[in-house]
Amino acid sequence: MSSTTSIKVRPATLRDAKAIAELHNSTAQETFKSLLSNRSMPLPPVEKRLTFWREAITYSEPQVYVALDEDKVIGFVGFDRSRDKGTPPTMGEIWALYVAPSYWGKGVGLTLWDAAREGLQEEGCTHVSIWLPLASERALRFHELAGFKRELNTAKTVSLGTFKIEEIRLKRGLG
């Protein structure tokens, strides 16, 4: 990466869907490697992710933005209204925020978060949440530095194939 000033963020297009799907799988594998004692995580095939991200981009559900270094997709964020039952329409949610590992710690995640925050505010959201694995110290630290607070009573177990992951919801205001 030449510098953080070369990073551009824009709404995703259908041409970005394959890069998003591939980045989603490769980054998830890297993220969960330490959580699974270096065993491979059973991830959905890239084709399944590709279908999901194509539909998301087409229907803006969630809205998807990409971070680019020149023309290369190096990160993405998906955001929309909260999917959690009982939340008010002013509650947004970060559905996904992934950055290529070679760009970790270089401001790309923060740039994507800023774009998502602005998009959620334009939609009338006053708060935002995200679900994160409890064992993902890097993701938890990033979001806590961005002002998110853990909601301790929200911890839940999610099955990923034969693996079980503990997740917790984090939340913050958008003001």
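The values are calculated or read from the model by the stated rules, or taken from the named source; none is laboratory data. On a predicted model such as this, the values are computed, not experimentally measured, just so you know. Heads up, the Cβs are rebuilt from the backbone with ideal geometry, glycines too, and the neighbour counts pull from every protein chain shown.
Lys156 satisfies every condition listed in (1) in a strand (DSSP E or B); (2) surrounded by 14 or more Cβ atoms within 10 Å (Cβ to Cβ) except (2).
Output the strands (runs of 3 or more DSSP E) that fall wholly within region 29-142 and possess 3 or more residues being more than 24 Å from Ala17 (Cβ to Cβ), or say none.
Working: elements: 63-69, 72-81, 91-99, 127-133.
Where strands (runs of 3 or more DSSP E) fall fully within region 29-142 and carry at least 3 residues being more than 24 Å from Ala17 (Cβ to Cβ), they are 127-133.
Determine the pairs where a residue that is free of Cβ contacts under 8 Å to residues at least 12 places away in the same chain, located within region 83-94, has a partner that is assigned to a loop (DSSP other than H, G, I, E, B) with Cβ atoms under 9 Å apart, the partner being 6 or more residues away or on another chain. Pairs that qualify, where the first residue is free of Cβ contacts under 8 Å to residues at least 12 places away in the same chain and the partner is assigned to a loop (DSSP other than H, G, I, E, B), are Pro88/Ser82; Pro88/Thr126.
I need the full set of residues from region 133-150 which are closer than 18 Å to Arg83 by Cβ and either modelled with pLDDT of 95 or more or basic (Lys, Arg) (or both), in order please. His143, Phe148 - these are the residues of region 133-150 that are closer than 18 Å to Arg83 by Cβ and either modelled with pLDDT of 95 or more or basic (Lys, Arg) (or both). Considering (1) over 26 Å from Thr13 (Cβ atoms); (2) touching a strand residue (DSSP E or B) at 6+ places or on another chain (Cβ under 7 Å); (3) surrounded by 13 or more Cβ atoms within 10 Å (Cβ to Cβ), the lone condition that Phe79 does not fulfil carries the number (1).
Within region 87-99, can one find any residue that is among the charged types (D, E, K, R) and surrounded by fewer than 16 Cβ atoms within 10 Å (Cβ to Cβ)? Among the residues of region 87-99, not one is among the charged types (D, E, K, R) and surrounded by fewer than 16 Cβ atoms within 10 Å (Cβ to Cβ), which makes the answer no.
One line per residue, one yes/no per condition, for (1) in contact with an Asp or Glu (Cβ under 7 Å, 6 or more places away or on another chain); (2) more than 27 Å from Leu68 (Cβ to Cβ):
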| position | (1), (2) |
| --- | --- |
| Glu93 | yes, no |
| Leu112 | no, no |
| Val128 | yes, no |
| Thr162 | no, yes |
| Glu166 | no, yes |
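The single condition among (1) modelled with pLDDT of 95 or more; (2) farther than 30 Å from Thr162 by Cβ that Ala96 does not satisfy is (2).
Looking across Phe79, Phe142, one residue alone is aromatic (Phe, Trp, Tyr) and farther than 20 Å from Glu30 by Cα. It is Phe79.
Filtered by the rule that a residue be of a type outside the set (Gly, Ala, Ser) and either free of Cβ contacts under 8 Å to residues at least 12 places away in the same chain or surrounded by fewer than 17 Cβ atoms within 10 Å (Cβ to Cβ) (or both), region 107-128 gives Leu110, Asp114, Glu118, Gln121, Glu122, Glu123, Thr126. Exactly one residue among Lys33, Lys72, Lys8, Lys18 is over 30 Å from Cys125 (Cα atoms), surrounded by fewer than 19 Cβ atoms within 10 Å (Cβ to Cβ) and at pLDDT 95 or above, and that residue is Lys72.
Which of the residues that make up region 157-175 are modelled with pLDDT under 95 and under 28 Å from Pro44 (Cα atoms)? Of everything in region 157-175, those that are modelled with pLDDT under 95 and under 28 Å from Pro44 (Cα atoms) turn out to be Thr157, Val158, Ser159, Leu160, Gly161, Thr162, Phe163, Lys164, Ile165, Glu166, Glu167. Cβ-Cβ contacts under 9 Å between residues 6 or more apart (or on different chains), taken from a first residue in region 129-149 that is closer than 21 Å to Thr90 by Cβ to a second residue that is surrounded by fewer than 18 Cβ atoms within 10 Å (Cβ to Cβ) and of a type in the set (Ser, Thr, Tyr), are listed as Ser129/Thr87; Ser129/Thr154; Trp131/Thr154.
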